[in-house]
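Presented below is the structure to which this report refers.
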Amino acid sequence: MSGGSQLDDEDTFKILIATDIHLGYLEKDAIRGADSYRTLDEILKCAKTNQVDFILLGGDLFHDNKPTRHCLHACITMLRQYCMGDSPILFNILSDQAVNFSTSKFPWVNYQDENFNISIPVFSVHGNHDDPTGSEGLCALDLLSSCGLVNHFGRSQSVERIEISPVLLQKGETKLALYGLGSIPDERLYRMFVNNQVTMLRPKEDQDKWFNLFTIHQNRSKHGPTNYIPEQFLDDFLDLVVWGHEHECLIAPTRNEQQLFYVTQPGSSVATSLSPGEAAKKHIGLLRVKGRKMNLQKIPLKTVRQFFIQDVVLAEHQDLFTPDTPQVLKKVEDFCYAKVVEMLDEAERERLGCPLTPEKPLIRIRVDYSGGFEAFNTSRFSQKFVDRVANPKDLIHFVRRRENKEAFKEEANIDYSQLVRNPVVEGLRVEDLVKQYFEAAEQKVQLAVLTEQGMGKAIQEFVDKDEKDAIDELITYQLEKMQRHLQGRGFSTEQEIDTEIQRLRDSKKNTTEEEEEIREAIRRAKALRLERGEDRKDMDLSHELDDLAMDLDEGVTPAPAPARGRGRGSRGRGSRGRGKGATASEPKPGGRGRAQKSSVATSSKNIMEALQAPSQRSFRAGAAKSYTEDVIIDDSDEDIPVTMASRPTPRTTSSWSSRQSQSQSQSQSSRGVEFDDSDDDEDDPFKGPSSRARR
């Protein structure tokens, strides 16, 4: 960054920004196992070299919810090596730390602990891969927090209302309000925003003097009606949003024209899927904040394994071959071989002069063989490149467009195996596949008592976190609850019962009641596992299955790739944090024994018989923005200066003022944006043009 070093004065915050490190991803792979560890080492070394004030992580530090001992040991070792030392901390915390770190046994920032010498504090929110789980709601970040190595903030334990209290920092004359929100299921958080149940607190004094920085880990791109968080939901007093979970690197700040804040998406530091979004060059950001102005320098990562992806449509190469060409299969294979060699040559040219880059790149060719072509043997093809690429088993991916969409809509012609054959499809999660299945299924196999969301969540717990009893407990719990409801109504005919079941099922769809049922079933499954004395941390087989699932994206015909890559790993590519603090919608009577487990879930009785002989099993006890801005963005790999002017009119609030996320200012000033590709900028990256543009 030109002229950056001499501007690092006593009033300038220097913050290293990174998200989605996914430490431990494919750690058992002989070729790619060390990739995530090498990149974390590079990130921490970069922070120490640039003498940053602190590191800000946007979630998914770990790839697994329960990282292995090797993964935890490597993480603790690197944090201790780079983040502990005698270098002074040059900023102060002004907020109530007991509120900022309320879930910790040590509710204060680690560098103020007299037992530790911290030179670079690390602030992090949790992601959907390392979210809090279990009866005590702990995650891997809590372990690092207890060790004094990470400051875990932005955690919400309530499912009814979220209050985001900022960590207030001051360095010289610069005041920084650091907001954070860890991963929460997107559907729930979306509904809470719509219902004005999310509040961001602000300090009473000098509101126009604070630089407001928000870190969030949710879906940014739309994957369903409510399966994402629109940027318009966020408060308009924010200045910069650091967006985690999305893996495509879009680190250059982009302006939201409605809310008038900027969003930076650093993306992941390791490719966890062979999708186009992961092929973008990986960066981290060095953010400088001085007063109300900021400057973002993007730093390319040198230890990231190269990844090249290309789409090939065979029907577009009729000058070379057609389905009727003699030995067409051999010609198609030779064509793909030439494409792979071209990408390997390109990778070798890019790697010259960069010894830190791993030698073997990731290569992916997606071959559309629609129009009468056939797929060749991918295993035999991969053997030709086993010593030259890091992913020989996933080199070729055959896809085929649906050519007869009308036939697919007819229930009689639906091939359900095409919907459930392979759960790891680019852009799809496990619960998405469950929803797709029941949307396409004929009426006689639709769910009558259970809900699609509940079944999807239970399957997700089984697949992602190995909760073997989650599906059984969900079925049993929802059936018993429905039986108790019907018994108190005195219905006499099956038609009345069917109507009431349908009404009750529709009334609780996508509500807090449905979420409580899912949470209670998962809690029961965990209790059963603990009763049996099982401990999944030693079940290494689950890690192998995760690694295998991450690499398999063949199977069903994938949907068109989204505009930006999704943050996803072996789990179902969406947010999954489980909230705490609420109880089920109905009271839960006393405990039940393991030996009394009901067989309702597998019974073949009809509804009337079930009501006449209900299960005897009881239940266990349960839990206006008016200022102008100018932006200069340099799209090189050096720096991205973004300058901000202060707001002339502060808002009047009480001791702590709250603002609902949907409220908008009646009149707002626009910000002028200028793209400058020249290198003749002034030395001061914080200095902006004197003119202001107004809408």
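The values are calculated or read from the model by the stated rules, or taken from the named source; none is laboratory data. Nothing here was measured: the structure is a model prediction, and the numbers come from that model. Note: ideal-geometry Cβ built from the backbone for every residue, glycine included; neighbour counts use all protein chains shown. Ligands, DNA and RNA are stripped out before the accessible areas are found, and what is left, the full protein with its side chains, is counted by its heavy atoms. Shrake-Rupley method; radii C 1.70, N 1.55, O 1.52, S 1.80 Å.
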Open item on the list: I'd like to check something: does the range 362-382 contain any residue that is of a type in the set (A, V, I, L, M), surrounded by fewer than 16 Cβ atoms within 10 Å (Cβ to Cβ) and under 31 Å from the mean Cα position of the chain (by Cα)?
Closed with: no
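Can you say whether GLY4 is farther than 29 Å from PRO361 by Cβ and either surrounded by fewer than 21 Cβ atoms within 10 Å (Cβ to Cβ) or modelled with pLDDT under 95 (or both), as far as the supplied structure shows? I'd like the intermediate steps shown before the answer.
On the way: farther than 29 Å from PRO361 by Cβ: yes; either surrounded by fewer than 21 Cβ atoms within 10 Å (Cβ to Cβ) or modelled with pLDDT under 95 (or both): yes.
When the stated conditions are applied, GLY4 passes them.
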Open item on the list: Can you confirm whether ASP319 is more than 15 Å from VAL389 (Cα to Cα) and either modelled with pLDDT of 95 or more or in contact with a Ser or Thr (Cβ under 7 Å, 6 or more places away or on another chain) (or both)?
Closed with: no
TODO: Taking PRO166 as meeting all but one of (1) of a type outside the set (A, V, I, L, M, F, W, C); (2) open to solvent by less than 10 Å² (accessible area, probe 1.4 Å); (3) at pLDDT below 95, write down the number of the exception.
DONE: (3)
Task: Single unsatisfied condition, ILE459 versus (1) within 30 Å of ARG32 (Cα to Cα); (2) at pLDDT 75 or above; (3) part of a loop (DSSP other than H, G, I, E, B) - done: (3)
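Working only within the range 297-328, note down all residues that are closer than 20 Å to THR39 by Cβ and either in a loop (DSSP other than H, G, I, E, B) or out of contact with any helix residue (DSSP H, G or I) (no Cβ under 9 Å at 6 or more places or on another chain) (or both). Before you say what the answer is, go through the steps one by one.
Step one: filter the range 297-328 for residues closer than 20 Å to THR39 by Cβ, giving 297-309.
Scanning the range 297-328 gives GLN297, LYS298, PRO300, LEU301, LYS302, THR303, VAL304, ARG305, GLN306.
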Open item on the list: Just checking, does the range 103-119 include any residue being more than 24 Å from LYS45 (Cβ to Cβ), of a type in the set (Gly, Ala, Ser) and in a strand (DSSP E or B)?
Closed with: no
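How many of the residues making up the range 35-76 are over 21 Å from LYS302 (Cα atoms), open to solvent by 40 Å² or more (accessible area, probe 1.4 Å) and assigned to a helix (DSSP H, G or I)? Walk me through how you get there before you give the answer.
Taking the range 35-76 and keeping what is over 21 Å from LYS302 (Cα atoms), we get 53-54, 59, 64-73, 76.
Those still in the list that are open to solvent by 40 Å² or more (accessible area, probe 1.4 Å) too: 66, 69-70, 73, 76.
Retained after the next criterion (residues that are assigned to a helix (DSSP H, G or I)): 69-70, 73, 76.
Matching residues across the range 35-76 total 4.
The rows are residues; the columns are (1) among the polar types (S, T, N, Q); (2) over 30 Å from GLU520 (Cα atoms); (3) crowded, with 23+ Cβ neighbours inside 10 Å.
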residue: ASP96; (1), (2), (3): no, yes, no
residue: SER104; (1), (2), (3): yes, no, no
residue: ASN110; (1), (2), (3): yes, yes, yes
residue: ASN115; (1), (2), (3): yes, yes, no
residue: ILE118; (1), (2), (3): no, yes, no
residue: SER124; (1), (2), (3): yes, no, yes
residue: HIS129; (1), (2), (3): no, no, yes
residue: GLY134; (1), (2), (3): no, no, no
residue: ASP142; (1), (2), (3): no, no, no
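Tally up the residues in the range 193-219 that are among the basic types (Lys, Arg) and open to solvent by 30 Å² or more (accessible area, probe 1.4 Å), please. Break it down into steps so the answer makes sense when it comes.
From the range 193-219, those among the basic types (Lys, Arg) are 202, 204, 209; that's our starting set.
Pick out the ones that are also open to solvent by 30 Å² or more (accessible area, probe 1.4 Å) and you get 204, 209.
The number of residues fulfilling the criteria is 2.
Condition check ((1) open to solvent by less than 20 Å² (accessible area, probe 1.4 Å); (2) touching a helix residue (DSSP H, G or I) at 6+ places or on another chain (Cβ under 9 Å); (3) at pLDDT 95 or above) across all residues:
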| residue | (1), (2), (3) |
| --- | --- |
| ALA252 | no, no, yes |
| GLN259 | yes, yes, no |
| GLN265 | yes, no, yes |
| VAL270 | yes, yes, yes |
| GLU278 | yes, no, yes |
| HIS283 | yes, no, yes |
| LEU286 | yes, yes, yes |
| LYS290 | no, yes, yes |
| MET294 | yes, no, yes |
Open item on the list: Among the numbered criteria (1) touching a strand residue (DSSP E or B) at 6+ places or on another chain (Cβ under 6 Å); (2) surrounded by fewer than 20 Cβ atoms within 10 Å (Cβ to Cβ); (3) hydrophobic (A, V, I, L, M, F, W, C), which one does LEU176 miss?
Closed with: (2)
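Return a yes/no flag: does the range 150-157 have any residue that is aliphatic (A, V, I, L, M) and either over 21 Å from THR133 (Cα atoms) or surrounded by fewer than 24 Cβ atoms within 10 Å (Cβ to Cβ) (or both). Don't jump to the end; show me each part of the working.
Initial filter on the range 150-157 (aliphatic (A, V, I, L, M)): 150.
Checking the rest, the ones that are also either over 21 Å from THR133 (Cα atoms) or surrounded by fewer than 24 Cβ atoms within 10 Å (Cβ to Cβ) (or both) come to none.
Scanning the range 150-157 turns up no residue that is aliphatic (A, V, I, L, M) and either over 21 Å from THR133 (Cα atoms) or surrounded by fewer than 24 Cβ atoms within 10 Å (Cβ to Cβ) (or both).
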TODO: Out of the residues in the range 296-326 that are among the polar types (S, T, N, Q) and within 30 Å of GLU359 (Cα to Cα), state the one that is surrounded by the fewest Cβ atoms within 10 Å (Cβ to Cβ).
DONE: GLN310
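If you go through the range 492-499 one residue at a time, do you hit one that is surrounded by fewer than 21 Cβ atoms within 10 Å (Cβ to Cβ), assigned to a loop (DSSP other than H, G, I, E, B) and of a type outside the set (Gly, Ala, Ser)?
Filtering the range 492-499 for residues surrounded by fewer than 21 Cβ atoms within 10 Å (Cβ to Cβ) gives 492-499.
Narrowing the set further to residues that are assigned to a loop (DSSP other than H, G, I, E, B) leaves 492-493.
Still in the list and also of a type outside the set (Gly, Ala, Ser): 493.
Within the range 492-499, one or more residues are surrounded by fewer than 21 Cβ atoms within 10 Å (Cβ to Cβ), assigned to a loop (DSSP other than H, G, I, E, B) and of a type outside the set (Gly, Ala, Ser).
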Open item on the list: Being surrounded by 15 or more Cβ atoms within 10 Å (Cβ to Cβ), closer than 22 Å to ILE251 by Cα and touching a Gly at 6+ places or on another chain (Cβ under 9 Å): is that true of ILE17 here?
Closed with: yes
